[in-house]
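Below is one structure, written out as structure tokens; the observations come after it.
The values are calculated or read from the model by the stated rules, or taken from the named source; none is laboratory data. Predicted, not measured: the structure shown is a model, and the values here were computed from it. Note that we place each Cβ from the backbone using ideal geometry, even for glycine, and neighbour counts take in every protein chain shown.
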Amino acid sequence: MMKRLGLILGMTIITLSVYSQKEQTYTEEFDSLFYYVSKTQATTSILYDRVVTFADLESYNSNVNSSVDTSDFSHFIQSYSEIYRAAFDTTARLTWTLKEFKEQVKNNITPDIVDIGMLHYKFNVIDTVVAEQKLIDNNGIFYENPSIITSLYLEKTAFVATPLATDVKSYGNGEITFRFNNSFYFDNTGDSLIQLQIDFGDDKLCY
């Protein structure tokens, strides 16, 4: 978050520390500071700045030239959690809570079949350049400059894919069938995946 908002949010560090002493979550702190900033133009109803972005989903885009494409189980879990928590409209949330998702994965485990998890999701981030012009800091609470009509938000698309297993090598004595399970394909883009090739870095390709 700090990387994206740069100097604008640099001014909130002290304020965030004060809120932390009140045992608020990071998302609650963010929402408090940006309470008067409209999210109407955040078209996906998911604002990635509302969470600590350990998964760095802005790097996991669907651009064929992206240097980051595949994930691992732990990263996928983190990605799911961040997208779920970043939704400020409950109707935009992923299907299950993180706990429910983990239970679904556990319930589908078989000795020689590993499901593939795919997260193909659009989300919004705050545009740093616009924020520096549009946001007004009033004692740690942000307001908008009404004379600037440019949207404060950019839309991004992330694609993350991984086998839903902590240790794939332990399955099936090395003979593994990877399965695309629609239950673990999460998508809000409206774009159909016509062809997909995933290389998990072990000379095994999934189509």
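One residue is enough: does the range 4-15 have a residue meeting the conditions modelled with pLDDT of 95 or more and farther than 21 Å from ASP115 by Cα? Don't jump to the end; show me each part of the working.
Initial filter on the range 4-15 (modelled with pLDDT of 95 or more): none.
Within the range 4-15, not a single residue is modelled with pLDDT of 95 or more and farther than 21 Å from ASP115 by Cα.
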Original post:
When you look at ALA92, is it over 20 Å from PHE54 (Cβ atoms), surrounded by 12 or more Cβ atoms within 10 Å (Cβ to Cβ) and either modelled with pLDDT of 95 or more or under 19 Å from the mean Cα position of the chain (by Cα) (or both), yes or no?
Top reply: yes
Original post:
If you go through the range 16-35 one residue at a time, how many are at pLDDT 95 or above and loosely packed, with under 12 Cβ neighbours inside 10 Å?
Top reply: 1
**OP:** Looking only at the range 160-200, count how many residues are within 23 Å of the chain's Cα centre (by Cα), at pLDDT below 75 and either part of a helix (DSSP H, G or I) or small (Gly, Ala, Ser) (or both).
**Re:** 1
